[in-house]
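Encoded as structure tokens, the structure appears first; notes follow it.
The values are calculated or read from the model by the stated rules, or taken from the named source; none is laboratory data. This structure is a prediction, so every number in the text was calculated from the model and none was measured. When we count neighbours, we look across all protein chains shown, and the Cβ atoms used for this are built from the backbone with ideal geometry, even at glycine. Side chains included, ligands, DNA and RNA excluded: accessible areas come from the protein's heavy atoms. Shrake-Rupley method; radii C 1.70, N 1.55, O 1.52, S 1.80 Å.
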Amino acid sequence: MTITEVRSQRLTTSKAMVEAIDLEMERDDRVIYLGEDVGAYGGIFSSTTGLLDKYGPTRVLDTPISESAFIGLAIGAATEGMRPIAELMFSDFMGVCLDQIYNHMAKIGFESGGHVKVPMVLTMAVGGGYSDGAQHSQCLWGTFAHLPGMKVVVPSNPYDAKGLMTAAIRDDNPVVYMFHKGVMGLPWMAKNPRTVGDVPAEAYEVPIGTANLARAGTDVTVVTISLSVHHCLDVAELLAPQGISVEVIDLRSLVPLDRHAILQSVAKTGRLVVVDEDYQSFGMSGEVVATITDADPSLLKAPAVRVGNPDVPVPYAHSLEYAVLPRADRIEAAIRMVVGA
């Protein structure tokens, strides 16, 4: 049975994530979930709703506020044959447990010569736009992608959220799974119509390392990820009646990075805009541009333009926060600049 033949349903991104985890826990009793407020509370962004009732406290573990301890627990369980999912409540908290993540989770496979595997998923909420302040609003996927040894996936919609979670759980490598608050479809956040979508009821995988053509176009390629996909699609729809055809590439995965999709699209359009909610310096936007300049700079008819967060902490005040985030106004201005409109 193919994906197009299976029964589908309308789900939010958060419910699609939970369904993927549920199906894998049902299929494989080695899959466990642990983290802060993931039990009775169901995850502060509804990442585990209903799982405790179904699987009990031995497989859905509420942990103390000790990220280094419970991520270390997950790593140890993974090396002994379990397939744990550990939730770091916010990506901003990576600092208190980075030794466990980078010196253990990411390196054990390398240091053992491939003899010891760490088949675990590290999940975390990312992103701004909700006045969560400088310590709860960062994306930081560029930081994780910069550190070798971990796959890094970032879904933007319900279909990809379920398929990437399934693929991450089944992968024998450590996978960092980062979900933006703004794509989860939660009722107490800003309304986003694309956070609800058709999702097959059965289990399926979205291959890690394969970008998605979110919108075809001919005048300019916009490469982006996560919530920024939605902003870019909004701008593309706005500009289409004005004669500007925007192609939107949703990377879905930073490690591995689908460089072929980037090159193929820019070879067609000749122009590139990269939109990234992470910090602009030393991150995803520069890597995407380098993908073109390292391979064939002549593909570009105009200099590439980057739209990212400036290198400042994310402000708490809503007006200032919106000023630094790569929202529709900045994206539209960048597209107009690169096409000369």
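Take region 94-134 with all the other protein chains still there, run a 1.4 Å probe, and you get 41 Å² of accessible area per residue.
Relative to the dominant Cα principal axis of the chain, helix 284-295 is inclined by about 60°. The angle between the Cα long axis of helix 67-79 and the longest principal axis of the Cα atoms of the chain comes to about 80 degrees, rounded to the nearest 10.
When the dipole is taken about the Cα centre of the chain, and only Lys, Arg (+1) and Asp, Glu (-1) are charged at their Cβ, what size is it in debye, to the nearest 20? All intermediate terms of the calculation are to be shown ahead of the outcome.
Numbers: 26 positive and 40 negative charges, 127 e Å.
Taking the Cα centre of the chain as origin, the dipole is about 620 debye.
What separates the Cα centres of region 1-74 and region 168-246 is a distance of 21 Å. Taking amide H as placed 1.01 Å from N in the peptide plane, residue 202 has its amide H under 5 Å from the amide H of 7, each at least 5 places away in sequence or on another chain. Each residue of region 157-171 was assigned a 3J(HN,Hα) from its phi angle through the Karplus curve 6.51 cos²θ - 1.76 cosθ + 1.60 (θ = phi - 60°); the sequence is 8, x, 4, 5, 4, 5, x, 6, 5, 4, 5, 5, 5, 7, 6 Hz, with glycine and proline shown as x.
Rounded, prolate or oblate: which fits the chain when a ≥ b ≥ c are the square roots of the eigenvalues of the alpha-carbon gyration tensor, with rounded for a/c under 1.5 and prolate only if a/b beats b/c?
Values: a/c = 1.61, a/b = 1.56, b/c = 1.04.
In terms of gyration-tensor shape, prolate.
Against the 2.2 N^0.38 Å scaling, with N counting residues, where does region 186-334 land? I'd like the Cα-based Rg ratio to two decimal places. Working shown, then result.
Details: Rg = 15.7 Å, N = 149, 2.2 N^0.38 = 14.7 Å.
Output field value: 1.07.
Is the C-alpha gyration tensor of region 66-204 telling us rounded, prolate or oblate? Criteria: a/c under 1.5 is rounded; beyond that, a/b larger than b/c is prolate, otherwise oblate. It comes out oblate by the Cα gyration axes. In this structure, the pairs whose alpha-carbon distance is over 32 Å, taken from 191/301; 54/181; 117/181, are 191/301. Here the chain exposes an accessible surface that is 55 percent carbon and sulfur, computed with a 1.4 Å probe and the other protein chains kept in place.
What do the square roots of 5 times the Cα gyration tensor eigenvalues come to for region 1-109, in whole Å, largest first, as semi-axes of the equivalent ellipsoid?
Numbers: eigenvalues 131, 54, 40 Å².
After diagonalising the Cα gyration tensor, the semi-axes are 26, 16, 14 Å.
Counting Cα-Cα pairs of region 147-248 in 5 Å increments starting at 0 gives whole-percent bin shares of 2, 12, 20, 20, 19, 14, 9, 3, 1, 0.
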